[in-house]
Amino acid sequence: MEEPGQLKRAFIDATAGSISGAISRTVQLEPTTSFALLSKNVYGTSKYTGMFQASKDIFREEGLSGFWRGNVPALLMVMPYTAIQFMVLHKVKTFASGSSKSEDHIHLSPYLSFMSGALAGCAATVGSYPFDLIRTILASQGEPKIYPNMRSAFVEIMNTRGFRGLYAGLSPTLVEIIPYAGLQFGTYDTFKRWTMAWNGRWSSGATHPEEPITSFQLFLCGLAAGSCAKAVCHPLDVVKKRFQIEGLQRHPKYGARVEHRAYRNMYDALKRIMQQEGWAGLYKGIVPSIVKAAPAGAVTFVAYEYTSDWVESVLTT
């Protein structure tokens, strides 16, 4: 198959990325999002003490729809996020490897894979951040609702915090996304290389040291990569969420409020969380976060691999 041009390649990556993001968002374990947000962004006593207890209370108080609180802005966020991410990722890997062919990108060194993922994650974060902020606020406000929909949240943020308010917490987010996206893509490429080599060793009569991997193996590679990245970077995500919900006047039963300018900067937030809550405070919501993020990342990788091939075949036929 003839390698597509640069503009066509960018369109393929953006389209495949947005589709894979939408698929991932649709099938992931969405109830874990609510608990992960509600448990990690408070520094007082929270009404949610465990994932199953939180699921039971959310269902009793808000019904099934409570598990999908903030899902519309999340879907609007994830599609441009993954579109930008995979488009930039392919571009950076093409520059680093000197080839635009995806099969050559897998042989990049772990360092270059890490850097490519980090740059792609930064670009995607900046491009989609306001949607992430609104999603976090809608999912964290509890009952009674402060903002009934995206529009009301957007208007209030603009009125009280201005345009800069839409990017509250961006700095810790970028600090988080560098190791997170770098580790996720770097370890995914590493696991993928190992799996291809393992398949080559165990394939009878194989003439190549590496063999293609199955969709299930791709899923396992993505699952392992997502778990590693989330486990390492979760404390930074906790800090990001607290900056995002500063001043949110939710009911006290959902935990202590984070007042405006509660933390001077990211370092101050980390230090105060450690002083007031210990190491456990930096890992609030770690279990539901991994339960949500790891399978979602795996689905994204698998969907992108197949969707990219499909879009390319459609455009080049």
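The figures follow:
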{"item": "Cβ-derived FRET efficiency at R0 35 Å, Y111 paired with R164, nearest 0.05", "result": "0.50"}
{"item": "A231 paired with V287, simple spin-label distance in nm, labels 7 Å along Cα-to-beta-carbon", "result": "1.6 nm"}
{"item": "Separation of the E277 and N149 label points, Cα + 7 Å toward Cβ, nm", "result": "3.3 nm"}
{"item": "Long pairs among K93/K241; K91/K284; K145/K292; K93/K192; K93/K284; K101/K292, criterion Cα-Cα beyond 27 Å", "result": "K93/K241; K91/K284; K93/K284; K101/K292"}
{"item": "Proximal charge balance of F301 [Cβ under 12 Å; K/R count +1, D/E count -1]", "result": "-1"}
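Values quoted throughout were computed directly from the atomic coordinates according to the rules given, and no laboratory measurement underlies them. Values in this document were obtained by computation on a predicted structure and should not be read as measured data. Cβ atoms come from the backbone with ideal geometry, glycine included; neighbour counts cover every protein chain shown.
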